[in-house]
Structures are given as C-alpha cells and as structure tokens.
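Readers should treat all values here as calculations from the given coordinates under stated rules, not as data from a laboratory. What you are looking at is a predicted structure, and each value in this text was computed from that prediction instead of being measured. Methodologically, a virtual Cβ is constructed for each residue, glycine included, from the backbone with ideal geometry; neighbour enumeration extends over all protein chains shown.
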Ligand SMILES: Cc1ncc(COP(=O)(O)O)c(C=O)c1O
C-alpha cells in the first residue's frame with residue numbers, strides 16, 4: 001500500500017524539536033559503527049534552562065534512571081541541577097561525579113533495606129515512601145530521616161502510568177505522616193507522579209489540589225510540611241505535539257498559588273524524559289528487508305531489547321520520529337513497514353506501520369529521533385547484540 005501524497009508529505013517533516021546539530025544530513029556523514037546513540041548535550045542544557053524559566057522557584061532534580069550517562073550527569077551538575085535516584089547504585093554513580101548525597105532525593109517508594117542504610121550512611125537524608133512497611137524500614141535503617149509521602153494521583157492522561165504500582169490514597173497519607181512522626185522520622189513532604197509523558201496540564205492541577213487538601217488536614221494535626229515534589233511526567237516531543245512546558249509550568253504555578261494553604265519552603269520537580277529525550281538520535285543499520293505474508297519487514301541492529309523497550313510498554317499510542325540515510329528519503333514513495341530488531345525473538349519488534357521510503361534496503365541507516373530517554377538505561381546485550389554506543393556532542 002502506498003501512502004496518499006498528503007500523508008507522504010506529512011511524514012517528510014522532521015519534528016521541529018529534532019536538534020539542528022543532529023540533522024539527517026550530518027548523521028549520514030558519520031562513519032561510526034552502529035548502533036549508536038548520538039546525544040547533543042547542549043539540548044539537555046537548553047531543556048534544563050526551560051524548566052527553570054517555566055517554573056521559577058522550583059528546584060530541578062534530574063531523574064537519573066532516565067539516562068545515567070556520565071556526560072549527561074556532568075552536564076546537568078555543571079548547570080546546577082539536583083538529582084533524584086531510584087537506588088543506592090545510582091547514588092554511588094552520582095558520588096563518582098562529585099554530587100553530594102545530601103543534595104539528592106531518593107524517590108523510589110519501595111526500597112531495599114540495604115540501599116536505605118547505605119544511602120543514609122553516605123549522607124542522603126530525604127526518602128520517599130507510600131506505606132507503613134516502608135516507614136518502618138526507613139525508621140530502622142535511616143533513623144531520624146526526612147520522609148515524603150507519595151500520593152496516588154490520576155495518571156490516565158500519560159503514556160506510561162505509574163499509579164497502580166505506587167502511591168498512598170489521600171486518607172492514608174495523613175495517617176502515614178503521623179506515624180512517621182511517632183517513629184522519630186521527620187514528616188517532610190509530599191510527592192506524586194502524574195505518569196510519564198503526561199499530556200494534560202490539568203493532571204498537575206488536580207494533583208496539587210489533592211496535595212493542598214492533605215496539607216490542610218496535616219495542619220490540623222500540627223504538622224507543617226517543608227517540601228512539595230512534583231516529580232516527573234513533563235512530556236517531550238516525539239511525533240505528536242505535546243503541551244509546551246510553559247503551558248504546564250503556568251498551570252503548575254497557578255495551582256501552587258491558588259490551591260495550597262501555605263507554600264512549603266522547598267518546591268522541587270524531578271524531570272527525566274523532558275530533559276533527555278529530545279537530545280538524542282539512535283542510529284541503527286538495516287540488516288535485512290523482507291516481505292512476509294504481504295507485510296514489509298525491516299530488520300535493524302537495535303530492537304526493543306537494545307534500547308527501545310518503551311515501544312512495547314504503552315497502551316496509549318505514541319510514535320518515535322523516524323528518518324533514514326537514503327538520499328531519496330524525501331523524493332521516494334513511502335510505504336508502511338514493520339520494524340524489528342536483530343534477535344531471534346519476535347518480541348523485539350518496535351514499530352508497526354512505520355512510513356519509510358520504498359527504496360530503503362540493507363546497509364541503509366535508520367535515525368530514530370527523541371531517543372535520549374529510557375533507551376541506553378534499558379539496553380541489554382540480549383542474543384549477543386551490543387547495546388547502542390553512547391556518543392556526545394555539545
Ligand atoms: C520517582 C520518579 N521521579 C521522576 C521520574 C521521571 O519521570 P519522567 O521521565 O516522566 O519525567 C520517575 C520516572 O519513572 C520516577 O519514578
């Protein structure tokens with residue numbers, strides 16, 4: 001099936017956020033072995049600056065899990081970013097790059113006891129939790145620590161929901177913070193996650209409203225909190241357009257102003273995807289091209305197991321921008337392809353109905369845009385195929 005002319009042309013524009021420094025023309029001149037992830041650190045610094053502008057007074061703690069490359073950590077540390085970790089391993093990584101544990105947030109609500117103890121020992125003092133069991137764990141292994149409760153919030157407008165796995169109900173959160181106090185911990189704050197790649201600014205407003213109601217109830221108990229942590233969820237541009245960070249920031253700032261009984265001293269956010277996704281292009285080679293039962297198949301040297309696991313995780317539709325090294329990428333007709341990985345497993349298939357030039361063939365390269373987030377950190381060497389090599393400019 002050939003695409004209609006209008007569809008064809010709609011596919012032939014790079015998303016406006018594709019870094020100018022990583023244009024297909026430039027990538028085609030490179031001779032690095034594939035697969036590799038080419039990352040423009042200037043884009044990460046630019047997104048960090050946009051967070052500061054869109055949400056003034058909110059401290060940014062980059063979610064290390066998103067892309068833990070030393071170059072990314074160093075670039076963000078240099079511009080003054082804080083960090084958020086999911087494990088002691090991530091804290092050790094940060095320490096190796098000179099980040100002080102005291103400035104780091106540990107926001108995984110369910111942690112191994114040994115990681116809590118090691119982080120506490122290293123000087124990290126702020127821990128998330130969402131249950132009684134976790135509070136007891138923290139009280140035992142990090143006595144006196146400051147704790148912030150993770151609220152379950154509506155994440156239905158995100159591509160990657162998280163609230164089934166984590167989050168206390170609002171009525172439980174109040175009792176949990178009281179329990180924290182009685183265990184000798186410091187009731188410190190509230191956090192929530194509206195789901196990764198959240199596309200509705202109203203999700204943050206509703207979550208802040210729930211936070212405000214909790215703050216009011218806690219004030220009745222004589223507990224005043226010191227931190228609100230907006231966590232992550234800020235969307236990056238893939239193919240579909242998303243609300244701008246300025247729009248989300250405006251909604252967040254207004255909600256904080258209107259819906260809280262008081263403004264805690266520390267307001268923080270933990271963006272991951274927003275800072276990293278648009279900074280990188282994943283460059284892969286075509287290993288094979290076949291027609292199977294009338295379906296065009298393209299076999300690449302990366303697949304879901306080599307960095308593109310997210311293509312299999314979402315119930316909600318979303319698409320990575322794709323381009324190729326074909327000199328006739330624009331002029332050739334396009335047709336739909338099923339794009340799969342190099343392994344003997346069919347579960348490494350990434351894209352269905354991807355519109356690509358009919359001329360694409362073995363040894364051409366495919367450029368997968370907005371690939372800086374949750375790619376390298378997910379990549380394995382399943383079937384003996386190496387993960388993408390990280391490369392940096394900027
Ligand atoms: C606790 C926490 N903070 C921040 C993030 C970053 O979220 P995102 O990449 O959507 O900004 C995550 C992602 O899973 C998370 O679990």
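Only Cα pairs within less than 10 Å get springs; with that Gaussian network setup on the chain, which residue of 303, 98, 82 has the largest fluctuation?
Of 303, 98, 82, the most mobile in the Gaussian network model is 98.
Among DSSP beta bridges lying fully in the chain, give the percent that are antiparallel, nearest 5.
Working: 24 of 58 bridges.
Around 40 percent antiparallel, to the nearest 5.
What percent of all Cα-Cα pairs in the range 1-142 falls into each 10 Å bin, going from 0 up to the bin containing the maximum distance?
Spelled out per bin, shortest first, that is 10, 29, 26, 19, 11, 5, 0.
What is the range 16-166's relative contact order, in percent, from Cα pairs under 8 angstrom and six or more apart in sequence? Intermediate results must be reported in sequence, preceding the final value.
Numbers: 171 pairs, mean separation 21.0, N = 151.
Relative contact order comes out at 14 percent.
Mean separation of Cα pairs under 8 Å and 6+ residues apart, divided by the residue count of the range 41-276: what relative contact order is that in percent?
Taking the mean separation of contacting Cα pairs over the length of the range 41-276, I get 21 percent.
Relative to the first principal axis of the alpha-carbon coordinates of the chain, what is the inclination of helix 41-54, with its axis defined by its Cα atoms, in degrees from 0 to 90 and to the nearest 10?
Computed tilt is about 40 degrees.
If packing is taken as the average number of other Cβ atoms within 10 Å across a peptide's residues, how do 229-235, 261-267 rank, most packed first?
Working: 229-235: 27.7, 261-267: 14.7.
So the order, starting with the most tightly packed, is 229-235, 261-267.
Classify the range 41-276 from the C-alpha gyration tensor, please: rounded if a/c falls under 1.5, else prolate or oblate depending on whether a/b exceeds b/c. Provide the component values of the computation, followed by the final result.
Values: a/c = 1.72, a/b = 1.13, b/c = 1.52.
Verdict is oblate for the range 41-276.
On a C-alpha basis, how far is the centre of the range 11-27 from the centre of the range 345-372 in Å? Whole number, if you could?
Cα centres, the range 11-27 to the range 345-372: 16 Å.
What percent do you get for the relative contact order of the chain when only Cα pairs under 8 Å and 6+ apart count?
Details: 887 pairs, mean separation 83.5, N = 394.
It comes to 21 percent, rounded to a whole number.
Can you run the Rg to Rh ratio on the chain? Use alpha carbon positions and the Kirkwood inverse-distance Rh. Don't jump to the answer; show the numbers that get you there.
Values: Rg = 22.3 Å, Rh = 22.1 Å.
On the Cα set of the chain, Rg over Rh gives 1.01.
Taking Cα atoms, how many degrees apart are the long axis of helix 245-259 and the longest axis of the chain, rounded to 10 and kept between 0 and 90?
So the helix axis and the longest Cα principal axis differ by about 20 degrees.
Provide 343, 375, 216 in ascending order of the number of other Cβ atoms located within 10 Å of each residue's Cβ, fewest first.
On the way: 343 19, 375 28, 216 12.
Ascending Cβ contact count within 10 Å gives the list 216, 343, 375.
For the chain, find the longest principal axis of its Cα atoms and tell me its angle to the long axis of helix 113-122, 0 to 90°, nearest 10.
For helix 113-122, the angle is close to 80 degrees.
The range 87-141 to the range 240-302: how many Å between their Cα centroids?
After rounding, the separation between the Cα centres reads 26 Å.
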